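Worksheet: one structure, shown below.
What follows is calculated from the coordinates using simple rules that are stated; it is not laboratory data. Computed from a predicted structure; not experimentally measured. Counting neighbours? That spans all protein chains shown, and the Cβs are built from the backbone with ideal geometry, glycine included.
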Amino acid sequence: MTKFQQRVFSGVQPTGALHLGNYLGAIKNFVELQKKYECVYCVVDQHAITVDQNPSELRSNILEVLASFIAAGVDYKKQIIFQQSSVPAHSQLSWIFNCVSRIGWLNRMTQFKDKAGKNRENVSVGLMVYPNLMAADILAYLATHVPVGDDQKQHLELSRDIAQKFNNDFGVDFFPLPEPLIYGNATRVMSLRDGTKKMSKSDPSEFSRILLTDEDEVIISKVRKAKSDSELIPSSTEDLNSKPECLNLINILSACLNKDSSETLRSYSGKEYSILKKDLGDSLVQIISPIRKEIHNLLNNKDELSNILSTGTEKASAIANPILADIYKIVGFK
Ligand code: AQP
């Protein structure tokens, strides 16, 4: 039995329009989890500036992510939705974690290696210490559960390491070790152009991803043009695993239908891709179309969105500030 109150925390970066990977990997689960937990969902704008951002685009992306949360079904009245930079406790705790976390740990982060690539000497320091800020985001609320896509698993493990080291260093049992919640059939949605790369906002090809703001015809066309091959859909899981693009389409459809991938495979084995793509396009339109319409409605009332953010800031600060005050005492600042 843990002494910690169960609480969910997760965040999404306002780095562009949200895609199907963000939805199936994270936001769909945000909505489910609010039935059982107290949830804190954050638009992580401070993470976004670890790479260059255009300030006016950043502002509008913040409101679009907020609108996407609400349109997808996050209940902003019952839960907390807010903007990271509006609660200074995140930055304050992240400095402490910069001093707890080890350079060797950060050097092992594959996302940093992927994003920095050969340009390692020239990327921002923020990009490297990003996982320390992520640990602060979660632990400023003593959150116990963190719904994320599979790509964030390593960062979550680092958050646990930081929590553990802080507890050991200061001889306390203050931080919970937050558990990643990575579930569903699409924990890693892949690019529609290359089944070995994850679907991502920063992929140069618009045809690699489906956005929550795509019109119905665009969704259908992106699915129709998704990379496939000239063979029929395989029947065994082994054969499916050797065809990453086909596996991706089956996984996405399974997630849309809330079915097991093996069941979906059985329904399509031996059939042509065009049949699978037609059904997938239709399923995606059914899911995305109402979300898109609601995003547009919400974005027509920006004052209301700003009010929702202000309320979220108050509610988030009311949890994080007393926790930060206790942390300041533990480290000897007070
Ligand atoms: N392809 C994906 N499949 C499943 N889950 C995914 N997530 C992101 N991509 C996929 C999950 O969505 C949540 C929010 O992610 P984020 O936008 O904050 O950051 P990210 O993972 O860096 O997303 P992108 O699209 O890849 O952005 P860029 O291109 O800007 O780096 C997280 O829970 C993430 O796991």
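Can you say what percent of the DSSP beta bridges in the chain, counting only those with both residues inside, are antiparallel? Round to 5.
On the way: 2 of 16 bridges.
So the antiparallel bridges in the chain amount to around 10 percent.
Fully extending the segment from residue 237 to residue 218, taken as 0.36 nm per residue of separation minus the present Cα-Cα distance, adds 3.8 nm.
Taking Lys and Arg as +1 and Asp and Glu as -1, the other residues whose beta-carbon sits under 13 Å from that of residue 258 total -1. Report summary: the helix-based calculation at 222 nm, which adds -39500 (n - 2.57) for every DSSP H run with n ≥ 4 and divides by the residues of the chain, gives -17000 deg cm²/dmol. A cut-off under 14 angstrom between Cβ atoms defines the neighbours of residue 167, and their net charge, with Lys, Arg +1 and Asp, Glu -1, is -1.
Hey, can you rank 120-126, 104-110, 83-89 by average C-beta count inside 10 Å, highest first?
Result, highest mean first: 83-89, 104-110, 120-126.
Roughly how far apart, in whole Å, are the Cα centres of the range 246-266 and the range 130-164? Centre-to-centre distance over Cα atoms comes out at 29 Å. Partners of residue 77 within straight-line reach, counting lysines whose Cα lies under 19 Å from its Cα and excluding those fewer than 8 residues away in the same chain: 28, 35, 36, 302, 315.
Close Lys pairs in the range 206-296 (alpha-carbon distance under 18 Å; sequence gap of 8 or more, or different chains): 14.
Each residue of the chain gets 148 Å³ once the volume of the Cα convex hull is shared out per residue.
Can you give the angle from 0 to 90° between the axis of helix 153-170 and the longest principal axis of the chain, with both taken from C-alpha atoms, to the nearest 10? Compared with the principal axis, the helix lies near 10 degrees. With the cut-off at under 17 Å, measuring from each backbone N in the range 140-164 to a point 7 Å along the Cα-to-Cβ line of residue 35 picks out 147.
Rounded to the nearest 10 degrees, the inclination of helix 89-100 to the longest alpha-carbon principal axis of the chain is 80 degrees.
Distance from the Cα centroid of the range 296-334 to that of the range 81-106 is 15 Å (rounded to whole angstrom).
Gyration tensor analysis over the Cα atoms of the range 206-296 returns equivalent ellipsoid semi-axes of 24, 14, 10 Å (largest first, whole Å).
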